1. So, in segment 68-100, how many residues would count as being crowded, with 16+ Cβ neighbours inside 10 Å and modelled with pLDDT under 95?
2. I'd like to verify a number: residues in segment 101-116 that are over 14 Å from the mean Cα position of the chain (by Cα) and farther than 15 Å from Phe139 by Cα, how many?
3. Considering only segment 88-119, state which residues are touching a strand residue (DSSP E or B) at 6+ places or on another chain (Cβ under 6 Å) and basic (Lys, Arg).
4. If you take the residues of segment 104-141 that are of a type in the set (Ser, Thr, Tyr) and more than 26 Å from Gly86 (Cα to Cα), which of them is modelled with the highest pLDDT?
5. Failed condition for Thr126, given (1) surrounded by 14 or more Cβ atoms within 10 Å (Cβ to Cβ); (2) of a type in the set (Ser, Thr, Tyr); (3) out of contact with any helix residue (DSSP H, G or I) (no Cβ under 9 Å at 6 or more places or on another chain); (4) more than 30 Å from Ser158 (Cα to Cα), with all others met?
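The values are calculated or read from the model by the stated rules, or taken from the named source; none is laboratory data. This is a predicted model, so every value here is computed, not measured. Cβ sites come from the backbone with ideal geometry, for glycine too, and all protein chains shown count toward neighbours.
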Amino acid sequence: MQSNLAQPETHVVIRDATEADIPAIYTLILELAEYEEALDRVENSEEGLRADGFGEQPMFHCFVAEEGSTVIGIALCYFRYSTWKGRYLYLEDLIVTKHRRGAGLGRLLLKRCIEYARSKGCRLLTWQVLDWNSSAIEFYKSLGAELQPEWVNCVLVSENFDQQ
């Protein structure tokens, strides 16, 4: 027999991350790395996140999507500078836990990043997306984001710093 009782609505809060959120943030980072089949490339740790995000000179800002007392998504960002545009906000990762994707949480987190960027006088909000992640690409396009295929990412890993 099917119940006619409505399921209670859950309430999601988007808020600034705290140091107490680090284990949940790290778990989501690992979940993303696994999704991208790059779990073996994660070198950061909870201790690293603590020092870099909540130490004397924080390197990043993080927002969390919380349902009840469970963190189910994050948006981790930091400031960059463009010689052409000035200050801007770079969104390093927008992660929603696998079982909650498609429920609008990414949009809420991105909206909070936009508000943050605006409040800090930023002229741009930028991020990257893997070229094979078609669902993310379509999501970003639906928000009016410009995808810029003419730019190529360059990375120099620390092991190669001395090879000039």
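1. Residues in segment 68-100 being crowded, with 16+ Cβ neighbours inside 10 Å and modelled with pLDDT under 95: 1 in total.
2. 1
3. Residues satisfying the conditions are Arg100, Arg112.
4. Ser134
5. With respect to (1) surrounded by 14 or more Cβ atoms within 10 Å (Cβ to Cβ); (2) of a type in the set (Ser, Thr, Tyr); (3) out of contact with any helix residue (DSSP H, G or I) (no Cβ under 9 Å at 6 or more places or on another chain); (4) more than 30 Å from Ser158 (Cα to Cα), Thr126 is out only on (4).
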